[in-house]
Structures are given as C-alpha cells and as structure tokens.
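Trainee: Handing you this structure, nothing more for now.
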Amino acid sequence: MGGLGALGVSTTAYGFSAPVLRLRAAQYNISPPQWPAGLKLRIAAIADLHACDPWMSLDHIQAIVERTNALKPDIVVMLGDYVAGHRKVTRLIPDAEWAAVLAGLKAPLGVHAVLGNHDWWEDKTVQREGRGLTVARRALEGAGIPVYENDASRLTKAGRPFWLAGLGDQLAYLPARRFRPVKRIGVDDLAATLSKVTDDAPVVLLAHEPDVAMRVPRRVALQLSGHTHGGQVRLFGWSPVVPSRYGNRLAYGHTRTNCDVVVSGGLGCSIMPFRLGVPPEIVLVTLGGSAPAVA
C-alpha cells in the first residue's frame with residue numbers, strides 16, 4: 001500500500017512538473033510521394049504554447065525559442081493556441097509580451113503562423129461581434145510574424161519551389177448562447193486555401209486541428225497540426241481522451257491519410273496543467289529525408 005501510494009504521489013508530481021521542466025525535440029524524417037526527390041526541407045513546428053505563469057512563462061518561451069533556433073531549421077511554423085487554455089494560473093500573459101519573445105525565432109525561409117481555437121475563444125470582443133481580427137493575430141503581426149487564414153505563399157529553397165498554406169481555425173466561434181444548441185463555427189475554407197496554389201509545386205498545409213486531414217486531397221504533401229496535446233496523458237501509445245472525432249488515429253505523431261500528417265504533442269496545457277507520457281515538444285520534420293522515424 002505504501003509503495004502504491006508513493007508511486008501515485010511521484011506520478012502526480014511528475015505530471016505537474018513536466019509542463020515546466022521538460023522539453024524535447026521530436027524529429028521526423030518523411031519522404032511523401034508528392035515531395036520531389038532531392039529537395040530537403042527542415043521544418044520546425046511550435047504548437048500550443050498557452051502562455052501563462054507559472055506553466056508557460058516568458059522565460060520558458062524564450063528557452064523554446066532558443067532551442068528551436070539551435071535546430072537550424074529552414075523554416076519555422078507555429079500551429080496556434082498561443083493564449084492560455086485554462087484558469088489555473090497566477091498570471092495570463094498579455095499577447096504583446098509572448099509575441100515579442102516569439103519574434104526571436106529565426107530561419108532562412110522565415111517564421112509563419114496560424115491561429116488556434118483558444119486564440120479565438122479567449123477574445124471576447126471577437127466572440128461577441130462574430131467578426132474581426134483577434135488580439136493574438138494583431139500581436140503576431142505586430143511582431144513581424146505573418147498569420148495565415150486560408151492563405152498560401154510560394155517559397156523556394158535552393159531555387160526549387162514549394163507552397164506553404166495555412167487554414168483558418170476550424171473551431172473559431174463558440175455557440176452564441178450558453179444553452180443554444182449551435183455547433184461551433186469555424187473560419188476554415190480548405191477549397192479557397194488550396195485555390196491559391198497556382199502551380200504543381202508541392203504543398204505543406206498548416207491546420208491547428210488535425211481532423212481536416214480526412215478531407216485534404218492528395219495534392220498536399222504534408223499536413224502539420226497541433227491542438228490535441230497528444231491527449232496530454234498518453235500511456236503505452238494510447239491516449240484516453242483526445243479532442244478529435246477520429247480518436248487516437250489523429251491524436252499524436254506521424255500518420256498518413258491522403259497525405260502525410262504530423263500531429264505535435266504541443267508545449268503547453270489545456271484544462272489542467274498536467275502531462276503524462278507526452279512531454280512538451282518542438283517538432284522537427286525533415287522532408288526529403290530517410291524513411292519515417294521519430295526520435
């Protein structure tokens with residue numbers, strides 16, 4: 001009994017300390033069939049910061065920025081949910097403060113972002129009016145980081161082109177009234193996003209929630225997503241609770257639908273500041289590398 005009690009206490013302590021003390025780089029080497037041979041691209045992805053004290057302080061975000069830069073990616077992408085997702089905090093960090101730290105991210109092909117559901121949900125003015133730019137978006141753009149909402153940009157590496165596309169959030173608006181049976185409404189438009197791709201160069205799609213993967217056409221080489229936090233608790237490769245209609249299929253890691261999909265375990269926490277079996281991570285995807293792997 002004493003041993004079981006000690007195990008429970010130590011596991012709980014580990015789970016609550018993981019968001020603050022642990023940080024790893026999850027590395028994937030992927031060669032999608034749509035990706036041209038000989039074009040090697042290193043993508044660093046940051047997801048689900050949920051900036052707040054004490055769980056995701058400015059100092060911790062700075063450490064994430066430095067670790068990401070040390071990976072020497074060709075491009076950095078940010079997958080949404082910069083705003084805190086729970087109230088068990090000592091301080092909600094203002095958007096301008098976390099955005100100023102993220103401005104320190106560096107890569108030859110730039111830093112690019114999409115928004116997540118909490119970036120929309122926590123903006124009470126936008127939720128009330130049903131329109132407008134979120135404070136999070138204004139903060140990122142003010143820091144010099146472009147935010148994609150159903151947009152696409154054509155980039156090149158070593159003279160070879162590819163497209164970076166960013167989908168609007170799929171859960172942007174909460175129901176208008178607490179007890180009104182209205183589904184959450186997104187601002188995503190996959191068809192409009194991909195219509196901005198005007199040639200046959202390969203496409204990398206950023207989408208905060210992974211569920212859209214089931215509708216993404218083969219035209220896309222890679223989808224990068226966050227949102228799930230890997231379930232935040234993951235045991236033996238299985239997450240008991242996953243905010244995805246497809247459950248563990250899109251909970252975490254590398255899978256394939258019509259395209260290759262990588263779902264980040266993210267960095268911060270939602271609902272509870274607790275992680276077990278899925279430590280906070282920066283994702284580094286190397287396209288045009290070897291066979292799929294994670295380390």
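The values are calculated or read from the model by the stated rules, or taken from the named source; none is laboratory data. In this text, all values refer to a predicted model and were calculated from it rather than measured experimentally. Quick reminder, even Gly has a Cβ in these numbers, built from the backbone with ideal geometry, and neighbours come from all protein chains shown. Areas reflect the complete protein model, heavy atoms only, side chains present, ligands, DNA and RNA absent. Shrake-Rupley method; radii C 1.70, N 1.55, O 1.52, S 1.80 Å.
Trainee: What about ARG67, is it open to solvent by 30 Å² or more (accessible area, probe 1.4 Å) and in a strand (DSSP E or B)?
Mentor: Working: open to solvent by 30 Å² or more (accessible area, probe 1.4 Å): yes; in a strand (DSSP E or B): no.
Judged against the criteria, ARG67 is not a match.
Trainee: From the set of residues in the range 131-149 that are touching a residue at least 40 places away in the same chain (Cβ under 8 Å) and part of a loop (DSSP other than H, G, I, E, B), which is most open to solvent (accessible area, probe 1.4 Å)?
Mentor: GLY144
Trainee: While we're here: If I filter the range 183-200 for residues that are of a type outside the set (A, V, I, L, M, F, W, C), open to solvent by less than 20 Å² (accessible area, probe 1.4 Å) and either touching a strand residue (DSSP E or B) at 6+ places or on another chain (Cβ under 7 Å) or part of a loop (DSSP other than H, G, I, E, B) (or both), do I get at least one hit?
Mentor: For the range 183-200, residues of a type outside the set (A, V, I, L, M, F, W, C), open to solvent by less than 20 Å² (accessible area, probe 1.4 Å) and either touching a strand residue (DSSP E or B) at 6+ places or on another chain (Cβ under 7 Å) or part of a loop (DSSP other than H, G, I, E, B) (or both): present.
Trainee: May I ask you to list the residues in the range 207-223 that are closer than 21 Å to ASP81 by Cβ and either of a type in the set (Lys, Arg) or crowded, with 24+ Cβ neighbours inside 10 Å (or both)?
Mentor: Residues satisfying the conditions are ALA207, HIS208, GLU209, PRO210, ALA213, LEU222, GLN223.
Trainee: Still on this structure, please answer the following. List, please: which pairs have Cβ atoms under 6 Å, are six or more places apart or on different chains, and start with a residue in the range 198-220 that is of a type in the set (Asp, Glu) and end with one that is at pLDDT 95 or above and crowded, with 24+ Cβ neighbours inside 10 Å?
Mentor: Close Cβ pairs satisfying both conditions: GLU209/HIS227.
Trainee: I would also like to ask the following. What is the number of the single condition among (1) of a type in the set (Gly, Ala, Ser); (2) farther than 20 Å from ASP48 by Cβ; (3) modelled with pLDDT of 95 or more that ALA99 does not meet?
Mentor: (2)
Trainee: Still on this structure, please answer the following. For the range 235-278, name all the residues that are in a helix (DSSP H, G or I) and either open to solvent by 60 Å² or more (accessible area, probe 1.4 Å) or in contact (Cβ under 8 Å) with a residue 24 or more places away in the chain (or both). If you could, list the steps in order and put the result at the bottom.
Mentor: Step one: of the range 235-278, the residues in a helix (DSSP H, G or I) are 247-250.
Those that are in a helix (DSSP H, G or I) and either open to solvent by 60 Å² or more (accessible area, probe 1.4 Å) or in contact (Cβ under 8 Å) with a residue 24 or more places away in the chain (or both): ARG249, LEU250.
Trainee: Being at pLDDT 95 or above and within 28 Å of THR286 (Cα to Cα) narrows it down to one residue among VAL135, VAL65; which is it?
Mentor: Unique residue meeting the criteria: VAL65.
One line per residue, one yes/no per condition, for (1) under 21 Å from the mean Cα position of the chain (by Cα); (2) within 29 Å of GLU129 (Cα to Cα):
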residue: VAL147; (1), (2): yes, yes
residue: PRO161; (1), (2): no, no
residue: ASP188; (1), (2): yes, yes
residue: ASP200; (1), (2): no, no
residue: VAL212; (1), (2): yes, yes
residue: ARG215; (1), (2): yes, no
residue: ALA221; (1), (2): yes, no
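Trainee: Could you tell me which residue of the range 87-103 is surrounded by the most Cβ atoms within 10 Å (Cβ to Cβ), considering only residues that are part of a loop (DSSP other than H, G, I, E, B) and touching a strand residue (DSSP E or B) at 6+ places or on another chain (Cβ under 6 Å)?
Mentor: Here the residue is ILE93.
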